[in-house]
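Working notes, structure below.
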Amino acid sequence: LPEGFDAGLVGMSPDGAKDLSYDCPGDFWLPELAGKKAEAKVHVKELHAKRLPELTDEFCKTYLQSETVAQARQDIEKRLADSKNRNADAKSRDELIQKIVEDMHADIPEVMVDHELDVMLREMDQDLRGDRMDLEMYLKRTRKTLEDLRKELYVTAQARVKSKVALRAIAKTEK
């Protein structure tokens with residue numbers, strides 16, 4: 001939804017109705033509304049409040065597999081620290097691979113890059129479907145062709161292929 005739409009809903013109550021008008025940005029996902037003023041009739045049927053349960057030892061035993069609130073906090077802090085360490089390790093690994101790829105002098109066959117582009121487009125389509133969209137809808141909303149998108153992703157696909165080739169070569173020499 002465009003910026004400002006949510007603000008127009010603030011203060012409304014159940015069974016309330018309101019006419020909202022807002023400006024759609026030039027890159028709005030619906031091309032027919034991009035850069036135009038839009039209007040919407042809104043009717044609030046009901047409101048729901050999110051109520052969080054009280055954090056007690058009983059809650060921790062039931063839902064967090066911890067005996068006490070203090071233990072739950074310690075467990076969560078440990079998991080966060082572990083996650084932070086894993087992310088730092090992954091970042092270091094990615095930076096090392098990127099450096100290897102940058103220093104790599106190899107001719108990558110175009111067929112390998114094309115295959116990787118196909119993989120990337122399938123992954124993108126799958127991710128979009130999780131958001132109730134697909135690649136075709138994405139292309140329409142962004143006003144791109146499949147060829148435009150392939151050109152955009154080409155450098156990334158090439159780097160992914162190079163990193164796979166480099167990792168295979170490293171694995172082969174390590175055996």
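The values are calculated or read from the model by the stated rules, or taken from the named source; none is laboratory data. None of the values given here were measured: they were computed from a predicted structure. Using ideal geometry, Cβ is built from the backbone for each residue, glycine included, and neighbour counts are taken over all protein chains shown. Calculation scope for accessible area: heavy atoms of the full protein, side chains included, ligands and nucleic acids excluded. Shrake-Rupley method; radii C 1.70, N 1.55, O 1.52, S 1.80 Å.
So the values come out like this:
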| quantity | calculated |
| --- | --- |
| Filtered residue count, the stretch 158-175, keeping only those that are in a helix (DSSP H, G or I) and either modelled with pLDDT of 95 or more or of a type in the set (D, E, K, R) (or both) | 6 |
| Residues of the stretch 13-34 satisfying the condition of being open to solvent by less than 30 Å² (accessible area, probe 1.4 Å) and not aromatic (Phe, Trp, Tyr) | 16, 20, 24, 34 |
| Filter pass, residue 125 being surrounded by 10 or more Cβ atoms within 10 Å (Cβ to Cβ), in a helix (DSSP H, G or I) and touching a helix residue (DSSP H, G or I) at 6+ places or on another chain (Cβ under 8 Å) | yes |
| Among (1) more than 29 Å from residue 26 (Cβ to Cβ); (2) open to solvent by less than 100 Å² (accessible area, probe 1.4 Å), the one test that residue 80 misses | (2) |
| Residue match in the stretch 109-128 (condition: of a type outside the set (Phe, Trp, Tyr) and more than 30 Å from residue 144 (Cβ to Cβ)) | no |
| Only listed residue being surrounded by 10 or more Cβ atoms within 10 Å (Cβ to Cβ), acidic (Asp, Glu), in contact with a strand residue (DSSP E or B) (Cβ under 9 Å, 6 or more places away or on another chain) and not in a helix (DSSP H, G or I), chosen from 67, 3 | 3 |
